[in-house]
Structure formats: structure tokens, C-alpha cells
């Protein structure tokens, strides 16, 4: 496990890009019916969650508009309470909630 903030930011950025790539051009119905894409996106979100845990507190405080605790906690749900993971919530995460995280990560990468 590495604790390099730059590496964690790159992991987050890359997995946001993958999740978006996997779902590009899909409707919710397409996504909900595609188990392979659903599982791939879950894996991206797990990595994003874990990488978020490796970011320094000062970065998180500087970007307090991001729900860091929820992002970190989501990984536990994906790994341990997997039967409770709903496709609609995962879809909403990818299509609505990753954009702000992506902006913050891109900004943080550019200043390092």
C-alpha cells in the first residue's frame, strides 16, 4: 500500500475515467441490464474509495465540499455489504456525483 497523495489522485482520476468510459452512451436501462459493466464500475468505485483514504487530511479539508467520509465508506459497502449495492445508486454515482470529485482531483493534480 502506497501513501503517495499524487499516486492516489491519479488512481482516482483514472478510475473515474474508466467508469465513465464503461458507461458511455448507455441509458440507465442499458446499465442495469449489463452485469459486466455493473461489476466493472463497482471495481472502479472500490479503487476510488480506497485511494481517497490515502489522501492527506489537509487536501480533504481544502476540498471540504467533497463527501470524503462517504466516498471512503462506500468501499466498505461494495466489498462487505455487496448484496445491498443497488444499480440505481451506482448509476447515480457515475452520472451525477463523480463530476465534482473529478474537478477537484484534476485541480489537485495540476498544482502538484
Problem - Out of 65, 76, sole residue that is loosely packed, with under 12 Cβ neighbours inside 10 Å and modelled with pLDDT of 95 or more - result: 65
Handout entry: Among the candidates 87, 54, residue that is surrounded by 13 or more Cβ atoms within 10 Å (Cβ to Cβ) and modelled with pLDDT of 95 or more
Key = 54
Problem - Residue pairs meeting the criteria (Cβ under 6 Å; at least 6 apart or on separate chains; first surrounded by fewer than 21 Cβ atoms within 10 Å (Cβ to Cβ), in segment 1-20; second assigned to a loop (DSSP other than H, G, I, E, B)) - result: 3/54; 5/55; 5/56; 6/112
Exercise for the section: Report yes if some residue within segment 30-49 is in contact with a helix residue (DSSP H, G or I) (Cβ under 7 Å, 6 or more places away or on another chain) and surrounded by fewer than 15 Cβ atoms within 10 Å (Cβ to Cβ); otherwise report no. Expected result: no
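The values are calculated or read from the model by the stated rules, or taken from the named source; none is laboratory data. In this text the structure is predicted, and so the values were computed from the model without any measurement. Note that we place each Cβ from the backbone using ideal geometry, even for glycine, and neighbour counts take in every protein chain shown.
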